[in-house]
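Report on one structure; see the data block that follows.
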Amino acid sequence: MLTVTFSARVAVHPDAAGRGVGRCLWAKLTEWILPQHPRQILSWADKSDCHSLAVADHWGFTRRPGTIEATEDLQNAEPWPWRYELRLDSLHLDSVLDHAVLPADVECHTLAEVVDDADLVASLHEAHEECRTDVPSWEPYQTMTKQDFEKSQRQRLVDGGFGLVAHRRRQVLAATFAEGMAFVPDLHNDFTMVHRSVRGQHLAVTLKARLITSALTLGFERITTEVRSDNAPMLAVNETLGFRRIAMRHLVSPPSAGMH
Ligand SMILES: CC(C)(COP(=O)(O)OP(=O)(O)OC[C@H]1O[C@@H](n2cnc3c(N)ncnc32)[C@H](O)[C@@H]1OP(=O)(O)O)[C@@H](O)C(=O)NCCC(=O)NCCS
């Protein structure tokens, strides 16, 4: 049986804190996850967020392995998911705009436009499946049918997410996807991809630069993203655009963890 790692996070509005809302959400979440035989459940909290860390302890999470602040802290050079942020209030917009220029024969559409265009969705799905298999990860990527892919991207939009898709003569070359975070003006950029045939031509930097300017227009204050320490091209893209690595405590919950 295939066992997978889940990534889960519970967010409660500060006005509703302390009334058991988080407990209910975590119970529902584990009710759904546990029958799927998880290898582990990963979560994370800012290292200064004592309340969240205490709640996570209470729910059976352990901290793994403390706070990793620098590459030297990684044991045995084991790959590690680095978290990055870009604060939009202190952004040097000119340098971002310099990166946002696409080649003349490449068009860019929002994900909202693309999901209603059957041919572009099909091309996006195909490129997505290819690129996902190239992401360094702990478990092999489980392919997604076009129907499920389209459904998940529509859901992303309903949930306040966003995406940009670049194509040349209707062949998708690159895309970047983001989701809005609950209760905070943050956008989480969860995937950026460039078709194998056109990598190294700055399309990832360009699309991410466009994502940044869109986020600014939409009133977001921060963009976060996560990249594994062995994904050199993506680390380079983030560095070019001024993303800063932030220290997080990564939390891990064993498969048996349910509610206390
Ligand atoms: C990551 C990915 C989107 C980058 O696409 P790309 O077309 O190479 O990106 P760009 O050309 O815009 O920029 C690549 C940068 O990485 C650098 N780079 C490429 N390969 C590198 C390597 N092996 N080591 C270090 N830097 C590298 C390039 O020099 C360039 O930096 P520069 O702007 O300073 O010249 C692409 O490789 C991809 O689709 N990978 C699979 C999906 C993936 O892993 N997505 C990220 C998940 S978090």
ask   = Here are some residues: GLY219, GLY200. Which one is more than 13 Å from the ligand (Cβ to nearest atom), free of Cβ contacts under 8 Å to residues at least 60 places away in the same chain and in the same structural domain as VAL114 (by TED's automatic domain parsing)?
value = GLY219
query = Is segment 241-249 home to any residue that is in contact (Cβ under 8 Å) with a residue 24 or more places away in the chain and near the ligand (Cβ under 9 Å from one of its atoms)?
reply = no
request  = Taking VAL205 as the residue in question, decide whether it is among the β-branched types (Val, Ile, Thr), in a helix (DSSP H, G or I) and more than 16 Å from the ligand (Cβ to nearest atom).
outcome  = no
query = So, in segment 106-136, of the ones that are acidic (Asp, Glu) and either in contact with a Cys (Cβ under 8 Å, 6 or more places away or on another chain) or under 18 Å from PHE162 (Cβ atoms) (or both), which residue ends up nearest to the ligand (Cβ to nearest atom)?
reply = GLU107
task = Determine which member of the set ASP105, ASP117, ASP134 is assigned by TED's automatic domain parsing to the domain that holds VAL198 and either surrounded by fewer than 13 Cβ atoms within 10 Å (Cβ to Cβ) or of a type in the set (Val, Ile, Thr) (or both).
result = ASP105
query = Are any residues in segment 157-186 of a type in the set (D, E, K, R) and either under 10 Å from VAL106 (Cα atoms) or away from the ligand (no atom under 16 Å from the Cβ) (or both), and if so, which ones?
reply = ASP159, ARG168, ARG169, ARG170, ASP186
task = Check every one of the strands (runs of 3 or more DSSP E) wholly within segment 77-183 and list those with 2 or more residues that are farther than 21 Å from VAL205 by Cα.
result = none
request  = Tell me which residues, restricted to segment 12-40, are crowded, with 16+ Cβ neighbours inside 10 Å, among the polar types (S, T, N, Q) and farther than 15 Å from HIS58 by Cβ.
outcome  = GLN40
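The values are calculated or read from the model by the stated rules, or taken from the named source; none is laboratory data. Being a predicted model, the structure only gives us computed values, none of them experimental. As a convention, Cβ positions derive from the backbone with ideal geometry for all residues, glycine included, and neighbour counts pool all protein chains shown.
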